[in-house]
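The values are calculated or read from the model by the stated rules, or taken from the named source; none is laboratory data. Everything numeric in this text was worked out from a predicted model, so none of it was measured. So basically every Cβ, Gly included, is an ideal-geometry build from the backbone, and we count neighbours across all protein chains shown.
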Amino acid sequence: MYVELHARSAFSFLEGAALPEQLAQRCAEIQMPALGLLDRDGIYGSARMHVAAEDAGIKAHVGAEVTLANSLLKGVARDVRYPLLAANQVGYRNLCRLITRYKTREKNKGEGFSIPEEIREHSNGLVCLTGGDEGPLAAALQRGGIEEAQSEIEKLVSIFGQENVYVELQRHFEREEEYRNRAALDIASRLRLPILATNGVCYAKREQRAIADVFTCLRNKRRLDTAGKLLCRNSERYLRSPSEMEQLFYDLPDAIQNTKELSNRLAFTLEKLGYEFPKYPVADGDTMAALLRRETMAGARDRYGDLTPKILAQLEHELAVIEKLDLAGYFLIVWDIVRFCNRQKIFAQGRGSAANSAVCYSLGITAVDSIGMKLLFERFLSEERGEWPDIDVDLPREMTVNASSSTSTSDTAHAARQ
Amino acid sequence: MLFASVFIPDFPLQALFARKPELRTEAVALIDGKPPLLKVMAVNEKARKTGVEVGLMKAQAEMAGANVILRSPEFEQLAHRSLVACAQNFSPRVQDKAADLVVVDIEGLRSLFGSPEQIATRIRASLLQERLRVNVGVASNPDSATIAARGFHAVVIVTEAKQIGSLPLTLLGPSSELLETMTLWGITTLGELAALDARALSQRVGQEGVLLQKLARGQQVNPFIADDKELEFAERTDLEYSIELLDPLSFVISSLLERICADLEEHSLATNELDYELALDPPRVAGVELGDQQLFHRRTIKMPNPTTDRKLLLRLLQLDLQSHPPTAPVMSVSLRVHAVRPRYVQQGLFAPQTPDPDKLELTTARLSNLLGENEVGSPELLDSHRPRAFVMAKFEPAKVSDSKSPSRVRSPKIALRLFEPAKRASIRIRSDAPLQLSFDGKHGDVIKHSPPWLTSGEWWTEADWSRKEWDVQLQFADGAIADYRISIDLQTNQGFVEGSYD
């Protein structure tokens, strides 16, 4: 079974001719179980790809093509791009940090590039492919032939590790590409690296080549009839079905087999982002959930006086949901900020959907009796929605810094700043 | 700053006399307008003595015995061009103010041409050779220089405002209302206008009066803006009778080329591009509108090397006319050349002989004439994925250097000999792979082949194309083995043998 692990979406501005949704839908049509989206210098398309992939019943691998400084690759006039795939959460974090690092450096949009030291620093958890026309292998071959190419791949191995470098092979029925494939196979054999078939996808369906050509013209500020060899040579960079790819690489079954194996290795998807709210410090033997319960009940007695069964039932329901979603720390941090403000006589008032929570009312975060007003808690927090709660607290502008820097714990300060 | 203003008085008449000097001794009346309302617009002194005045009808002027001649825009254009060209010979900073007037910045020309008076005299003498009698005024600003040139005869150097004080007020071209007011006040000269109180004048006649007073006081009102337009080398002639044959047309073209080449040489320039336009006189049918292509024959001749050789240009133009004859008799001829710096080549002592570029140009033009325009030249690849996309570019032999380049050891490479045009072939294909091939009466089995190579393009036009290509090794019936590049046009399914590998 073949999995396409090198595809671009329209989020590679003026390079990819298909939206993530179109790619996901095409995957479902051709029964491809997963897709690796590697947009240029960003993971902009990953979120939409993730949602579309969920709808289509496929897995969306996250990655990006990372541009490397030209000056370090003399003799090659164009950009060189490292196709990188996030294998796990660490890899995803590293990929985001790497791109952020050089994007915040760029003077003009789209001109940012990384340097080898940065890539080395952020290589953990990433899988590197050797790329197609714009990849490091093609650049090195153009620069200095097969010896230079081997040296380049050895460098990749030293950065990412032997098991995280795949020698990429693409077949678009082009002479020059087949020459590159032969060199790639030779190098893979010498360095004992796995080979990987990809189609360097730029559009979902063959007929979208026209859009890709028009994008090329826009990118290069040319007209179709003057763009010449800047345009695609043929219409083969579409999302091929597994059977087509198996036929195309009939002589290299390992290249197909490895796509499935690599796809299985890439455990990370946007479903498992792994974000955790900062923890609220509690005494040994205590838990955040227990502390929240104690403070809520104490606050409720202040607010309501007698805790009727109705009030108790609502508070129990809300606390159960908060505990289940592991959000006790978040509520305690907001409570801590509001408590600090009250002590300092800074006006702090929770607003928005948080007013629907009796826990927030009891903790003094909001001033609205949600039970008395018969407000629906699920509008604020719902187990089914799977979304994080959003407690907005209004503070006077000049007091915001004070409040964020003077709260009782550093985690609270950090959260307040956020 | 110092400016010289060069003015041609009685411009239409002088333009005529410059081309037809024999008329100078006759009583000449120039007429203008649309028939039958032709009126006299200029007369010379002799005609004036016979009683002919500006504004008379053509018949009245003829009755008075004047030689009545239609005003010639062509002659006036030539006279104006001579005026500008003469000014440009003295200074690069020239402002072309009107058909009969140019202003020249002559500051800093003393070491080249002498004192301001000498410069003015030389300008005047130079235009006299063109049979144009001009007035030259020199002053510290262009406005005073122009007033002097318009007001005084021959050469005048204005050093102070009172020199122009005696000139009539009408020279400044005041509006009729202002002139009437001034006449009522008894102000008729520039000096009288200059003496008026500026504030009082402004209160009574407004800004026009103030501006004219500034001019009368020798002050500058209009800025000097040197022309920065490129030199233009163009000639045009309207024929009295339309010409059908090449020989008489060549005669006309030759005289135009002679003027252009002389003009180019005068500016130390040459040309490598000649545009010509022939206005045609096609048969007309009532109610049928003729298009631009039927009314004009326009062509451009390009040369690899700049030249000012009239004979060469004429021959190239004749050859072009032979291969692209106009579709109707010719009524007028316009030539325009693109001026470039002349070619200076120092031949190396040991450099191999190369053909004379002018002769080579003539030879290729002759061959083009014989074989067709697109059949002669050097093939030049086009920026396209379409195989064999090329155009025939102008044949330009590579420059030969006499320095010996070190011999480089080159690794042997496979050479592909392309057949032009590609040979049609019958290709038998199974499972997307070629099996057998027949072409030129030969049949061969494919014993080895490459993967297919796909190319397609120009999907946005009706000429969109797509093809599949293989490199194959063929074994023929006699046992011979050879390597070929074959292709299939996927639009028509026609097979081709593109070429053979050495």
Q | Considering residues of the stretch B:189-226 that are farther than 22 Å from residue B:140 by Cα and assigned to a loop (DSSP other than H, G, I, E, B) only, the residue nearest to the chain's Cα centre (by Cα) | A | B:206
Q: Sort through A:171, A:190, A:182 and tell me the only one that's within 14 Å of chain B (Cβ to nearest Cβ), out of contact with any strand residue (DSSP E or B) (no Cβ under 6 Å at 6 or more places or on another chain) and free of Cβ contacts under 8 Å to residues at least 60 places away in the same chain.
A: A:182
Q.
Anything in the stretch A:301-325 that is more than 25 Å from residue A:277 (Cα to Cα) and either of a type in the set (Lys, Arg) or in a helix (DSSP H, G or I) (or both)? List them, or say none.
A. A:301, A:302, A:303, A:304, A:309, A:310, A:311, A:312, A:313
Q: Answer yes or no as to whether residue A:131 is part of a loop (DSSP other than H, G, I, E, B), touching a residue at least 24 places away in the same chain (Cβ under 8 Å) and surrounded by 22 or more Cβ atoms within 10 Å (Cβ to Cβ).
A: yes
Q: State which residue is surrounded by the most Cβ atoms within 10 Å (Cβ to Cβ) when the search covers only the stretch A:201-216 and only residues that are at the interface with another protein chain (Cβ under 10 Å from one of its Cβ atoms) and touching a Leu at 6+ places or on another chain (Cβ under 8 Å).
A: A:213
Q: Please give the number of the condition residue B:40 fails out of (1) in contact with a Lys or Arg (Cβ under 7 Å, 6 or more places away or on another chain); (2) over 30 Å from residue B:121 (Cα atoms); (3) outside any loop (DSSP other than H, G, I, E, B).
A: (1)
**Q.** All positions within the stretch A:368-394 that are of a type in the set (Gly, Ala, Ser) and within 16 Å of residue A:350 (Cα to Cα)
**A.** A:370
Q) Can you find a residue in the stretch A:255-278 that is modelled with pLDDT under 95 and in contact with an Asp or Glu (Cβ under 6 Å, 6 or more places away or on another chain)? A) yes
Q: Mind counting the residues in the stretch B:453-474 that are more than 16 Å from residue B:494 (Cβ to Cβ) and surrounded by 15 or more Cβ atoms within 10 Å (Cβ to Cβ)?
A: 9
Q: Check A:367, A:354, A:290 and return the single one that is surrounded by fewer than 22 Cβ atoms within 10 Å (Cβ to Cβ) and not in a loop (DSSP other than H, G, I, E, B).
A: A:290
Q. Restricting attention to the stretch A:20-57, which residues are outside any helix (DSSP H, G or I) and over 14 Å from residue A:8 (Cβ atoms)?
A. A:30, A:31, A:32, A:33, A:34, A:57
Q. Hey, which of the helices (runs of 4 or more DSSP H) in the stretch B:62-159, taking only ones fully inside, have at least 2 residues that are in the same structural domain as residue B:47 (by TED's automatic domain parsing) and surrounded by 21 or more Cβ atoms within 10 Å (Cβ to Cβ)?
A. B:73-90, B:116-128, B:142-151
Q) Any chance the stretch B:355-366 includes a residue that's assigned by TED's automatic domain parsing to the domain that holds residue B:248, modelled with pLDDT of 90 or more and either out of contact with any helix residue (DSSP H, G or I) (no Cβ under 7 Å at 6 or more places or on another chain) or more than 25 Å from residue B:236 (Cα to Cα) (or both)? A) no
Q: Would you check if residue A:177 is at the interface with chain B (Cβ under 10 Å from one of its Cβ atoms), under 24 Å from residue A:85 (Cα atoms) and either hydrophobic (A, V, I, L, M, F, W, C) or assigned to a loop (DSSP other than H, G, I, E, B) (or both)?
A: no
Q. Of the residues that sit in the stretch B:420-450 and are among the polar types (S, T, N, Q) and within 26 Å of residue A:178 (Cα to Cα), which one is surrounded by the fewest Cβ atoms within 10 Å (Cβ to Cβ)?
A. B:431
Q: Would you mention how many residues in the stretch B:368-387 are assigned to a helix (DSSP H, G or I) and surrounded by 15 or more Cβ atoms within 10 Å (Cβ to Cβ)?
A: 2
Q. Of the residues that make up the stretch B:449-458, is at least one among the β-branched types (Val, Ile, Thr), in a strand (DSSP E or B) and under 30 Å from residue A:231 (Cβ atoms)?
A. yes
Q) If you take the residues of the stretch A:217-248 that are of a type in the set (S, T, N, Q) and within 17 Å of residue B:458 (Cα to Cα), which of them is farthest from the other protein chains (Cβ to nearest Cβ)? A) A:226
**Q.** Residues (assigned to a loop (DSSP other than H, G, I, E, B), within 14 Å of chain A (Cβ to nearest Cβ) and over 47 Å from the mean Cα position of the chain (by Cα)) located in the stretch B:459-502
**A.** B:490
